[in-house]
Amino acid sequence: MKKTGAWLVRHALEALPVSHTFGIPGMQNTAIYDELDSSPRIRPLLVTHEGGASFAADGLSRSSDRVGVCLLVPGAGISNAMSGICEALVDGVPLLVLAGAPRLDSGKSYQLHQIDTRKLVAGAVKGSWHPASHAEIVPAIFEAFRLATSGCPGPVLVEIPAELQLFEGEVGDLPAFVPAVPRAPEAALIAKAVALLKSAKRPGIFAGWGCRDAADSLRRVAELLEAPVSLTMQGYGVFEGTHPLHAGFGFGPSAVPAARKAFEGCDCLLAVGTRFSEVGTGSFGLPVPADLIHIDADASVFDKNYKSSLAIEADAGLALEALASALKAAGVSRSPDTSLRAGIAEGKAAYHRSWLERKHDGVNPARFLRTLSEALGEEGWLVTDIGNHAFLVAEHYVARRAGRIVAPCDFNCMGYAVPAAIGVKLANPGVPVAAVVGDGAFLMTGNEMLTARANGLGIVYCLFHDGELAQISQAQVLPYNRKTCTVLPDFDASGIALATGAAYIELVDDAAIEIALGEALAVAEGGRPVVLDIRMDYSKKTNYTKGVVSTNLARFPTKAKVSMIAKALVRRLPFGARTPVKGG
């Protein structure tokens, strides 16, 4: 039979767990957009910038059992989307990037958008395809999708020449889609893990994003071992914060006191679905014991930053299920450790009080985030951007249900949250969705609120407005006592809200937190995005910031360390400071 390439793209997408595409039409993809406009299953969405398309697709992938799809023009469309594509690669998020390509049948060079796209994205995707005939289109999309969702997930690219989209070609019998099969753990390795954990006196669990679909199994293993659970930044939502064994983000010098204390004397660490990346480990400051059981779907992560005594290549969910069954069969079922659980609870409460009792100007971040957690409840989703606010979330926000936090991490690309929340809301239309975004990140992609408004997506954008690029600003102050290019120009967020059709609510002190949040959520429930402009007090540093600074400083050569400390002290003298420092 003969079909156009555009029809074949639609046919392939309708066979996959795909619900939306994100992008901007152009000369080399309009045929696909036109075809999808007739699809009963797939809805193409227009964004304001292709960077927003890749972030929105990423957010949809992270918050559902579907995979986000970018539908882009080649060249500029791909280059604009690269930040989100790279974020998906580094964070392990499946993404299907479909792009048009210049015509192969014209015999002409220097066509519109013509560039070697596959070379451009080579380091940012798991694989790329360029079908040269109609018969290759569906198999290429299916093969790309399997790669995107297998092992450690990630982005893939399929670019389809314009003439294949426009004209009919012979295709023969179309293949059926066969999904990727997750890798199960070897029984012998699970038995070794059980032996190590059974003999441990103080086992601990370090869980990352790879556990996102394994909350029940993770909980079972933690309760059988009576082990505290620490989380990476990206995996912060994989274990509910209300569980008495939830210790917090990290457990090294950059962690909150409750987590550090819970892992004191840990003699066997079970690390699942984590690569021990820089952010997740507080600049590689984790005190990992010699007995390290490392489980991950990607064998290349083993022994990169911490040497494992036992490495198991497997899907985290399947490995945790097998481990829970094997532990129970081996008679490992420890009684609740009241001392451990009480210590975690008391440590968290004391740390929270230390923030509430501090005198502050503006809105207290600890009080706001705790109230936001209560307002969103078990059903609500929270999306974070990159910056100081994300670490405040990790220290103060309570995830009341596993799997409801979306937090980009290792690529650390600012501007993620506003468009990513669109993908989350599309995937979860019946529940509240809020995003926490710093003012620097908001200035990058805030225009995507127009996309939210055009599609009736009620999202509460909690704008942590302090006038600085706070995370880097705070990192500058300690060694330099200056803030170079980290103080933002004043801007009126209400004007951005007005221009994009979002509602605007200002919050200037703690007294109105509950009222402002309630009003914002009520407006969002009606299908309108809301900017909750919060005059946030950032004068108190997170434990993460203080811990990372001290960890890195300790590694400096002695001469460099003395020089930096001396410079910092001199600049704090009345004659030493050049640029006033605000916000402490």
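The values are calculated or read from the model by the stated rules, or taken from the named source; none is laboratory data. Here the structure is a predicted model, which is why all the values come from computation and not from measurement. With ideal geometry, Cβ positions are generated from the backbone for all residues, glycine too; neighbour counts draw on all protein chains shown.
Which helices (runs of 4 or more DSSP H) sit wholly inside the range 399-513 and have at least 1 residues that are among the hydroxyl-bearing types (Ser, Thr, Tyr), modelled with pLDDT under 95 and under 22 Å from Ser539 (Cα atoms)?
Hits in the range 399-513: 470-480.
Tyr306: modelled with pLDDT of 95 or more, not in a loop (DSSP other than H, G, I, E, B) and not aliphatic (A, V, I, L, M), yes or no?
Spelling it out, it is not the case that Tyr306 is modelled with pLDDT of 95 or more, not in a loop (DSSP other than H, G, I, E, B) and not aliphatic (A, V, I, L, M).
Restricting to the range 437-480, and then to whatever is farther than 24 Å from Gly527 by Cα and of a type in the set (Ser, Thr, Tyr), can you tell me which residue is surrounded by the most Cβ atoms within 10 Å (Cβ to Cβ)?
Selected residue: Ser473.
Tell me, yes or no, whether the range 470-478 has at least one residue that is of a type in the set (Gly, Ala, Ser), assigned by TED's automatic domain parsing to the domain that holds Asn428 and over 26 Å from the mean Cα position of the chain (by Cα).
no
So which residues in the range 16-41 are among the hydrophobic types (A, V, I, L, M, F, W, C) and either surrounded by 17 or more Cβ atoms within 10 Å (Cβ to Cβ) or assigned to a strand (DSSP E or B) (or both), if there are any at all?
Within the range 16-41, Leu16, Val18, Phe22, Ile24, Ala31, Ile32, Leu36 qualify.
Got at least one residue in the range 378-392 being of a type outside the set (S, T, N, Q), surrounded by fewer than 17 Cβ atoms within 10 Å (Cβ to Cβ), out of contact with any Asp or Glu (no Cβ under 7 Å at 6 or more places or on another chain) and free of Cβ contacts under 8 Å to residues at least 24 places away in the same chain?
no
For the range 172-194, what are the residues that are touching a residue at least 24 places away in the same chain (Cβ under 8 Å) and in a helix (DSSP H, G or I)?
Matches in the range 172-194: Ala187, Leu189, Ile190, Ala191, Lys192, Ala193, Val194.
Val238 - would you say it is of a type in the set (Val, Ile, Thr), under 24 Å from the mean Cα position of the chain (by Cα) and within 29 Å of Leu382 (Cα to Cα)?
On the way: of a type in the set (Val, Ile, Thr): yes; under 24 Å from the mean Cα position of the chain (by Cα): yes; within 29 Å of Leu382 (Cα to Cα): yes.
Criteria met by Val238.
Which strands (runs of 3 or more DSSP E) sit wholly inside the range 68-171 and have at least 2 residues that are buried (at least 24 other Cβ atoms within 10 Å of the Cβ), at pLDDT 95 or above and of a type in the set (Phe, Trp, Tyr)?
Ranges flagged: none.
Going by the structure shown, is Pro44 surrounded by fewer than 24 Cβ atoms within 10 Å (Cβ to Cβ), in contact (Cβ under 8 Å) with a residue 12 or more places away in the chain and not basic (Lys, Arg)?
Answer is yes for this residue.
What are the residues in the range 267-300 that are more than 19 Å from Gly547 (Cα to Cα) and surrounded by fewer than 23 Cβ atoms within 10 Å (Cβ to Cβ), if any?
Once the filter is applied, which keeps residues that are more than 19 Å from Gly547 (Cα to Cα) and surrounded by fewer than 23 Cβ atoms within 10 Å (Cβ to Cβ), the range 267-300 yields Asp267, Pro289, Ala290, Asp291, Leu292, Ala297, Asp298, Ala299, Ser300.
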